[in-house]
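FYI, it's all coordinate maths here, none of it is from the lab. Worth saying up front: this structure is predicted, and the values here are computed from it rather than measured. Counting neighbours? That spans all protein chains shown, and the Cβs are built from the backbone with ideal geometry, glycine included.
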Amino acid sequence: MTAPVSPVPPGQTPRKARRWAWALTGSGHYFTESIEIIRALGDVDLFISDAADEVLRMYKQDKEPLPPQTQVFRDNSASSASIGRFYHGEYHTLVVSPASSNTVAKAVYGISDTLVTNCFAQAGKCRVPCIVFACDTQPEIITMAPEGPVPVYPRRIDLENTRRLKEFNDTVVAETLDELRAAIVGISFSVEPGAAAYIPLAHEGPDAPAQLPLAEVLARLKPWLEDPARLKLGQHIKYDRHVFANHGIEVQGYAHDTMLQSYVLEVHMPHGLSSLAERHLGRSGITFEDLCGKGASQICFDQVDIAKAAEYAAEDSDQTLDVHRVLWPQLQANDKLKFIYELEIASSETLYRIERNGVLIDAPTLAKQSHELGQRILQLETEAYEIAGQPFNLSSPKQLGEIFFDKLGMPVVKKTATGARSTDEEVLEKLAEDYPLPAKLLEHRGLAKLKGTYTDKLAQLALPRTGRVHTHYAQAVAVTGRLSSNDPNLQNIPIRTAEGRRVREAFVAPAGSVIASADYSQIELRIMAHISDDPALLRAFHAGLDVHRATAAEVFGVAVDQVSSEQRRYAKVINFGLIYGMSAFGLARNLGIDNTAAKNYIARYFERYPGVKTYMETTRERAKQQGYVETVFGRRLQLAGIQTAKGAQLAGLERAAINAPMQGTAADLIKLSMNRVQQVLDAEQRGTKMIMQVHDELVFEVPETEVEWVRTEIPRLMAGVAELKVPLLAEVGVGPNWDKAH
């Protein structure tokens with residue numbers, strides 16, 4: 001079942017009858033057509049464009065000014081705030097060019113790029129390349145044609161063709177890309193095999209019959225849905241929580257999730273319902289494309305014939321029940337896997353809370369950073385041209401090769417599979433050791449990626465009604481148990497450069513609150529000490545020593561207080577490198593030393609830490625015998641192919657086998673911590689909110705009155721979630737933004 005999104009939340013009044021034109025134009029004929037759009041609409045309140053100066057120039061040439069009430073913005077950073085004003089009803093009509101229509105449509109309504117493209121394909125007579133989103137009580141998409149506006153979707157629309165909502169066995173199951181905007185079209189459920197049912201609620205096809213009132217159905221279901229004693233199960237239950245929450249219902253009592261059951265039992269396999277049904281039931285069902293078509297001819301789910309929609313949605317619920325009946329007994333038969341599954345179920349609820357909270361974004365700070373990055377990028381381009389003695393395309397491997405190797409005489413480091421001279425990042429890093437131009441290009445690429453991925457886009461991804469970024473945490477992706485953050489990815493913000501760290505300055509708290517960051521100290525090394533049972537490592541952690549300094553003292557044969565900063569740096573690389581299965585060659589490259597010296601360092605390390613060497617050897621053998629390794633808590637980390645692999649493939653799998661228990665145990669610990677912290681926050685009715693989980697770090701929005709509580713209690717709670725052979729240590733920092741909290 002699909003979930004169309006309405007920009008007018010239930011109970012709110014329609015937008016005011018005003019108009020707003022927004023034409024973010026590209027180049028060429030779009031300038032002229034932007035003017036035509038504004039003239040056609042007449043009473044334009046606001047015009048935002050990266051080409052504003054060009055449009056104004058053309059207006060001046062025509063000797064016809066913009067309408068007197070029109071405000072002109074040349075800085076696109078204002079766009080996010082403007083979307084918010086549109087969403088909250090200050091303006092009535094939104095006009096966008098094709099180049100920006102997807103961004104705007106997704107920000108306001110969650111409309112997919114495919115649907116926007118389909119508007120043009122179906123309009124037929126479109127003369128001016130724009131889309132108008134008109135809002136009164138319902139969204140409506142129209143295109144501009146010679147005789148005036150032409151409706152394309154003149155009724156309420158399902159804005160995300162991939163959305164399906166199903167309810168099963170006292171449960172709801174759902175999948176979507178934009179869960180905080182999704183709304184309900186219908187509900188399917190199953191209470192016994194082969195007896196699923198579907199409740200249509202918002203189908204609007206031309207032949208759609210009268211349906212039960214959505215508000216009345218939800219009001220009747222709400223007490224049962226919110227009753228924790230009424231146990232429920234589903235497929236991807238975290239999404240269900242969001243969809244019902246969009247309608248004011250906080251579902252309680254989720255006991256099972258077939259997606260998470262599969263993730264715990266068979267982490268290396270797909271976890272979608274269709275894959276589960278084929279794999280465990282030998283059944284294939286109706287696909288969404290079977291029901292709605294493909295491409296430009298694809299219809300929305302609320303336009304599907306109710307009988308066909310019922311067959312499709314009920315089948316999904318029925319399959320979910322049957323898959324559960326296959327997978328749940330397997331978990332019940334293994335206490336360790338059952339513990340991990342229960343951890344994942346609890347984490348699903350905590351992640352729902354984190355996603356729902358979101359994190360406040362300071363758009364002006366990001367805009368300022370984007371401008372500064374843009375200036376630096378232009379400067380780097382100029383400097384690169386000067387070094388090369390000519391302008392060139394910094395992104396062209398062919399031109400780079402000609403300048404590097406033919407003109408400047410740099411050595412060829414390696415070649416591509418086709419025999420061309422490579423200029424990839426690895427080559428640039430090697431050449432940058434001796435030549436200035438590759439160093440400039442590396443900096444240019446890093447800043448351009450930072451600008452394009454974060455400073456330009458984060459504010460646009462904020463939900464207009466909250467002003468917050470609400471990332472999606474995917475639980476069933478990483479084989480180690482780590483979470484994956486998407487839309488936006490908050491886990492990959494670079495922090496090794498000053499520019500990257502500054503991005504975190506834009507993650508702020510509202511007035512009267514601060515940001516707090518809590519993370520585990522050297523968690524993977526502590527896990528290594530626990531798993532390897534190495535006496536020297538255990539002593540270092542129990543004594544509260546700087547473990548890298550202690551390692552340096554052991555490897556270099558000096559007193560701890562005599563270790564130099566260079567020796568500590570070497571020891572740190574060795575400590576973390578060996579956790580990731582680094583070879584002597586890799587260590588030599590990281591430290592800038594020859595292979596013989598690297599081999600000697602590793603040999604001395606293993607002499608001082610024999611437990612670590614024994615762990616690595618036994619883990620390799622166990623992985624080959626079992627085909628998997630385990631975390632301290634029993635999570636299975638599958639290593640497909642390790643029993644038959646040879647050569648480089650086997651070496652890679654063995655490195656993964658050594659590292660996976662550390663990464664996986666760290667993932668288990670941070671999940672245990674966030675669940676425990678959320679339980680205490682709820683039990684004590686604290687105002688503190690958990691707003692992000694980034695690797696081994698939990699980030700909070702904290703009222704100023706609770707700062708001291710957070711400083712003392714959060715580290716205590718995190719350190720107490722498990723008893724290892726070494727003490728767990730968590731540290732908390734506080735500041736006005738995420739960066740200052742470190």
Q: Obtain the nm distance between the two label points defined at Ala511 and Lys336 by a simple spin-label model: each point lies 7 Å from its Cα along the Cα-to-C-beta direction.
A: 5.5
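Report, as a whole number in µm² per second, the diffusion coefficient that Stokes-Einstein gives for segment 364-466 at 25 °C and 0.890 mPa s using the Kirkwood radius over alpha carbon pairs. Let's see the in-between values first.
Working: Rh = 15.1 Å.
Reported coefficient: 162 µm²/s.
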(Q) For q values of 0.24 Å⁻¹, compute log₁₀ I(q)/I(0) with the Debye formula on a Cα-only model of segment 679-741, without solvent. (A) -1.18
Q: Please go through segment 411-459 and write out the GluC sites (Glu not before Pro) that DSSP classes as loop and that have at most 15 other C-beta atoms within 10 Å.
A: Glu433
Q) Can you run phi through the Karplus equation (6.51, -1.76, 1.60; θ = phi - 60°) for segment 491-507 and list ³J(HN,Hα) in whole Hz, with x for Gly and Pro? A) 8, 10, 5, x, 10, 7, 10, 5, 5, x, 5, 5, 4, 5, 5, 7, 8
**Q.** Dipole-positive endmost among Gly611, Leu538, Thr644 within segment 533-658 (Cβ charges, Cα centre)
**A.** Thr644
(Q) Show me the chymotrypsin sites (Phe, Trp or Tyr not before Pro) within segment 510-589 that DSSP assigns to loop and that have at most 16 other Cβ atoms within 10 Å of their Cβ. (A) Tyr580
Q | Whole-Hz couplings from phi, Karplus 6.51/-1.76/1.60, listed for segment 679-686; x for Gly and Pro | A | 4, 5, 4, 5, 4, 8, 6, 6
Q. Using the Cα gyration tensor of segment 533-658, with a ≥ b ≥ c the square roots of its eigenvalues, what is the shape: rounded (a/c below 1.5), prolate (a/b larger than b/c) or oblate (neither)?
A. oblate
Q.
Please list, ordered by chain and number, the residues whose modelled amide H lies under 5 Å from the amide H of Asp739; skip anything fewer than 5 residues away on the same chain.
A. Glu505, Phe507
Q: Sort Thr350, Thr320 so the one with the fewest other Cβ atoms within 10 Å of its own Cβ comes first.
A: Thr350, Thr320
Q: Return the lysines within reach of Lys599: Cα separation strictly under 21 angstrom, same-chain partners fewer than 8 residues apart disregarded; answer none if there are no such residues.
A: Lys572, Lys613
Q: Apply the Debye scattering formula to segment 445-511, with a single equal point scatterer on each alpha-carbon and no solvent, then give log10 I(q)/I(0) at q = 0.15 Å⁻¹.
A: -0.56
**Q.** Kirkwood hydrodynamic radius over Cα pairs of segment 164-358, then Stokes diffusion coefficient at 37 °C and 0.692 mPa s, in µm²/s
**A.** 191
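For segment 482-584, give the magnitude of the charge dipole about the Cα centre (Cβ charges: +1 Lys/Arg, -1 Asp/Glu; no others), in debye to the nearest 20.
On the way: 11 positive and 11 negative charges, 39 e Å.
Around 180 debye, computed over segment 482-584.
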Q) Given 0.36 nm per residue, what is the gain on full extension from Tyr385 to Thr466 after removing their alpha carbon distance, in nm? A) 24.7 nm
Q: For Ile691, enumerate residues with amide H under 5 Å from its amide H, sequence gap 5+ or separate chain, H modeled in the peptide plane.
A: Val699, Phe700, Glu701
**Q.** For segment 269-282, 3J(HN,Hα) per residue [Karplus equation, 6.51 cos²θ - 1.76 cosθ + 1.60, θ = phi - 60°, Hz, x = Gly/Pro]
**A.** 10, x, 10, x, 4, 4, 5, 4, 5, 5, 6, 9, 10, x
